[in-house]
Amino acid sequence: MGRLVREILRVTDPRLTFYGEQRNTWYDVRTKQPVVDILLFRKLHRAVGSFGLSGLDRLLSFMIVKELQLLTGAIQSVFVHKDSSDMLDSFMRQLTPIDSII
């Protein structure tokens with residue numbers, strides 16, 4: 001299952017493809033040719049069945065949780081450093097909208 005998930009992620013890499021929602025298809029960024037469409041997932045369903053797709057979904061979910069945990073850890077480490085925190089506070093003050101019209 002892991003190899004299958006990694007191959008799907010490789011083929012639908014957002015740096016190389018984009019998703020067209022109207023046709024449920026991933027397209028190559030450079031050539032604009034379809035790379036993956038709904039037929040792949042129908043064939044995948046025929047090959048691994050409902051339990052296999054459920055396993056793929058579960059594995060992808062765990063991979064997403066892992067990435068989110070890494071992201072929150074990185075964000076927390078930024079706020080541990082006082083210099084970074086002061087810089088973000090300064091940046092936030094600059095972006096705060098003005099309450100009154102001059």
When the residues of segment 33-69 are filtered to those that are touching a residue at least 12 places away in the same chain (Cβ under 8 Å) and in a strand (DSSP E or B), which remaining residue is farthest from THR17 (Cα to Cα)?
-> VAL36
What pairs can you find where one residue is in segment 85-97 and within 16 Å of ILE75 (Cα to Cα), the other is surrounded by 10 or more Cβ atoms within 10 Å (Cβ to Cβ), and their Cβ atoms are less than 9 Å apart, with a gap of 6+ or different chains?
-> SER85/VAL78; SER85/PHE79; LEU88/VAL78; LEU88/PHE79
Answer yes or no as to whether LEU60 is surrounded by 10 or more Cβ atoms within 10 Å (Cβ to Cβ), closer than 18 Å to THR12 by Cβ and modelled with pLDDT of 90 or more.
-> yes
Answer with yes or no whether ARG10 is among the charged types (D, E, K, R) and either in a loop (DSSP other than H, G, I, E, B) or touching a residue at least 40 places away in the same chain (Cβ under 8 Å) (or both).
-> no
Looking at (1) part of a strand (DSSP E or B); (2) at pLDDT below 90, which is the one condition that is false for SER84?
-> (1)
Here the residues within segment 1-39 that are of a type in the set (Val, Ile, Thr) and surrounded by 12 or more Cβ atoms within 10 Å (Cβ to Cβ) are VAL5, ILE8, VAL11, THR12, THR17, THR25, VAL29, VAL35, VAL36
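The values are calculated or read from the model by the stated rules, or taken from the named source; none is laboratory data. No experiment lies behind these values; they were computed from the predicted model shown. Neighbour counts run over all protein chains shown; Cβ positions are idealised from the backbone, glycine included.
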